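Structure record follows, encoded as structure tokens.
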Amino acid sequence: MRSAPLTLLLSAFLCAIGCSDGGGDGGEGGTGGAGAAGSTGSATSGTGGATGGATSGTSGATTGSTGGVTTSASGTGGATSSTSTGMDGTGGGGTGGGPSTPRTRTPAASASSLREAGEKANPPILIGAAISGGGLNDNRYKSVAAAEHNYVTAENEMKWDALEPNPGQFSWGAADNIVNWARQNNMKVKGHTLVWHNQLPGWANSLSGAAAVEQAIRRHIENVMGHFKDRINHWDVVNEAVITNSDTGVGNPRMRPSVFFNALGERYLDLAFQIAREQDPTAKLYYNDYSIDALNEKADFVYEMVKGMVERGVPIDGVGFQMHIGPPNNEAGGADVAANLRRFADLGLEVLISEMDINRCGGVVTAEEQLTYYHDIVAACFSMPECTAITFWGINDGRSWLNSWSGALCNGQSSQSLLFDDQYQKKATYNRVLDALLGR
Ligand code: G3I
């Protein structure tokens, strides 16, 4: 469950990605042409063997630690479907192995903000933060958020209970405020989240019968994506559909019972992605989950689930790895994260770090480990062109969800989990993240 930080192994792994010449790879140095699953639903073919050498190495590690997961990349695929256009503004990466597919990301020579480091990298990478409506009432919060990030996830304001409190009645005000602020500051927005068992209004939670639940999913997705069309084209379509016996991702991974699963079975995921694709043929559509960050049982289960979706042609473009490290979720070292992200990318998908924070409460993660994890995990993502965004779950420690979350061991104390302190000063964690984004 707990992985030690393995910096040396990480270095070796990153070198393997950057240096090896796997069977399916087609070279490096290009800037365009993502090989992520096609945004028109042609995901099934995006499974070829880019980075074959590295992948076969990580496949062994995966099998060893989890008992039999096989990765799809054989190193023999060569060029595969590279039909999607890449993450907007990021150039995208590639798993297809075409001649223009970059195999690594080149860092900026220098940068004075995280955002600038992401924008100047080749290909660029989005640097995000969870933004709360309350935070936008604070000028210091707004100033740091906009200076350091170019990608926004609403922390709570786009969840089902906030947007559709009564059946078919929508409430857009709080979400619109965040989206408008983001656009004023040239930041992209990821819609979070269309179908999730949590933060559902009571009426939705008590629906029963396949027809009623399908109708509610359809109405919600159509209205929400319709409202934000032209302003949001990245969506967390389904969130946290898998559960284990512990929040750390260990013990009997299985589909989570929910109003959606209970009525429709696993097919509710396919349905949600298909409805979302009907709404926007070019949007990026993501599956998002916690404690799937490294090689563990839950990550293996989600890998097989997503692989099945890709093989069925479900229009999924990528997977968000929330990266909540420390209580109540998992603890993941950089090398394990790198191997895990790689196997998902080898399905032809984008991978994203979608909600990163590292909780110090309870003394489970030491100050030194926190710095190492921040650096090595960000570096693992940054090194992969298929890793298209890194989002931190908040701006400053004092506003972190962890401070008051049962199971986070904080009991109202600061989780010390983010990159800025309560006075919005940069912390050592900030410096280590910037180091990773600059290839240091
Ligand atoms: O809005 C009510 C307020 O009216 C009430 O007075 C107050 C009293 O407790 O609660 C407020 O609601 C809280 C809400 O955040 C808004 O602040 C809820 O109690 C609280 O449970 C809720 O927590 C959010 C949590 O999701 C709920 O699941 C956190 O802020 C938010 O950071 C967290 O975000 C999730 C991601 O969406 C998905 N991945 C995990 C991540 C962390 O749990």
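The values are calculated or read from the model by the stated rules, or taken from the named source; none is laboratory data. Keep in mind it's a predicted model, so treat the numbers as computed, not measured. Using ideal geometry, Cβ is built from the backbone for each residue, glycine included, and neighbour counts are taken over all protein chains shown. Note: accessible area is taken over every heavy atom of the protein model, side chains too, but ligands, DNA and RNA are not part of it. Shrake-Rupley method; radii C 1.70, N 1.55, O 1.52, S 1.80 Å.
Within the range 309-316, identify whether any single residue is within 16 Å of the ligand (Cβ to nearest atom), under 23 Å from HIS234 (Cβ atoms) and open to solvent by 10 Å² or more (accessible area, probe 1.4 Å), and answer yes or no.
Within the range 309-316, none of the residues are within 16 Å of the ligand (Cβ to nearest atom), under 23 Å from HIS234 (Cβ atoms) and open to solvent by 10 Å² or more (accessible area, probe 1.4 Å).
Starting from residues that are among the aliphatic types (A, V, I, L, M) and surrounded by fewer than 24 Cβ atoms within 10 Å (Cβ to Cβ), keep the ones in the range 140-153 and report whichever is farthest from the ligand (Cβ to nearest atom).
Checked the range 140-153; the qualifying residue farthest from the ligand (Cβ to nearest atom) is ALA147.
When you go through (1) under 21 Å from the mean Cα position of the chain (by Cα); (2) of a type outside the set (A, V, I, L, M, F, W, C); (3) within 16 Å of the ligand (Cβ to nearest atom); (4) open to solvent by 30 Å² or more (accessible area, probe 1.4 Å) one by one for ASN233, which number turns out not to apply?
(3)
ARG342 - would you say it is in contact with a strand residue (DSSP E or B) (Cβ under 9 Å, 6 or more places away or on another chain) and part of a helix (DSSP H, G or I)?
yes
List the number of the failed condition for ILE275; all other conditions in (1) open to solvent by less than 10 Å² (accessible area, probe 1.4 Å); (2) without any contact (Cβ under 8 Å) to a residue 60 or more places away in the chain; (3) more than 16 Å from the ligand (Cβ to nearest atom); (4) under 25 Å from ASP357 (Cβ atoms) hold.
Every listed condition holds for ILE275 apart from (4).
Being assigned to a helix (DSSP H, G or I) and either buried (at least 21 other Cβ atoms within 10 Å of the Cβ) or polar (S, T, N, Q) (or both) is the filter; apply it to the range 358-371 and report the residue that is nearest to the chain's Cα centre (by Cα). So that I can check it myself, show each step before the final result.
At the first step, the residues of the range 358-371 found to be assigned to a helix (DSSP H, G or I) are 361-363, 367-371.
Still in the running and either buried (at least 21 other Cβ atoms within 10 Å of the Cβ) or polar (S, T, N, Q) (or both): 361, 370.
Working: CYS361: 24, GLN370: 20 Å.
The selected residue is GLN370.
Tell me which residues, restricted to the range 184-209, are more than 30 Å from VAL144 (Cβ to Cβ) and either within 16 Å of the ligand (Cβ to nearest atom) or in contact with an Asp or Glu (Cβ under 7 Å, 6 or more places away or on another chain) (or both). Give the steps one after another, and end with the answer.
Filtering the range 184-209 for residues more than 30 Å from VAL144 (Cβ to Cβ) gives 195, 197, 200-209.
Those that are more than 30 Å from VAL144 (Cβ to Cβ) and either within 16 Å of the ligand (Cβ to nearest atom) or in contact with an Asp or Glu (Cβ under 7 Å, 6 or more places away or on another chain) (or both): VAL195, HIS197, LEU200, PRO201, GLY202, ALA204, ASN205.
Filter the range 99-139 down to the residues that are open to solvent by less than 50 Å² (accessible area, probe 1.4 Å) and within 16 Å of the ligand (Cβ to nearest atom) and list them by number.
Listed by number, the residues that qualify are GLY128, ALA129, ALA130, ILE131, SER132, GLY133, GLY134, GLY135, LEU136, ASP138.
Quick one: what pairs do we get from the range 184-213, first residue farther than 29 Å from VAL319 by Cβ, second small (Gly, Ala, Ser) and open to solvent by 10 Å² or more (accessible area, probe 1.4 Å), C-beta under 7 Å, 6+ apart or different chains?
These pairs meet every condition: SER208/ALA263; GLY209/ALA263.
Restricting attention to the range 279-308, which residues are open to solvent by less than 10 Å² (accessible area, probe 1.4 Å), touching a Lys or Arg at 6+ places or on another chain (Cβ under 8 Å) and assigned to a loop (DSSP other than H, G, I, E, B)?
Across the range 279-308, the qualifying residues are ALA283, SER291, ILE292.
With LEU347, LEU341, LEU409 as the choices, which residue is closer than 22 Å to PRO107 by Cβ and modelled with pLDDT of 95 or more?
On inspection, the qualifying residue turns out to be LEU341.
Only one of (1) at pLDDT 95 or above; (2) of a type outside the set (Asp, Glu); (3) more than 16 Å from the ligand (Cβ to nearest atom) is not met by GLN322, so which one is it?
Just one mismatch for GLN322, condition (3).
Is it the case that some residue within the range 372-384 is open to solvent by 20 Å² or more (accessible area, probe 1.4 Å) and in a helix (DSSP H, G or I)?
Yes, some residue in the range 372-384 is open to solvent by 20 Å² or more (accessible area, probe 1.4 Å) and in a helix (DSSP H, G or I).
From the residues in the range 401-423 that are in a loop (DSSP other than H, G, I, E, B), over 16 Å from GLN370 (Cα atoms) and touching an Asp or Glu at 6+ places or on another chain (Cβ under 9 Å), which one is least open to solvent (accessible area, probe 1.4 Å)?
Only one residue fits best here, namely GLY407.
Suppose we keep only residues that are without any contact (Cβ under 8 Å) to a residue 24 or more places away in the chain and within 16 Å of the ligand (Cβ to nearest atom) within the range 163-174. Which one would you say is nearest to ASP138 (Cα to Cα)?
GLY173
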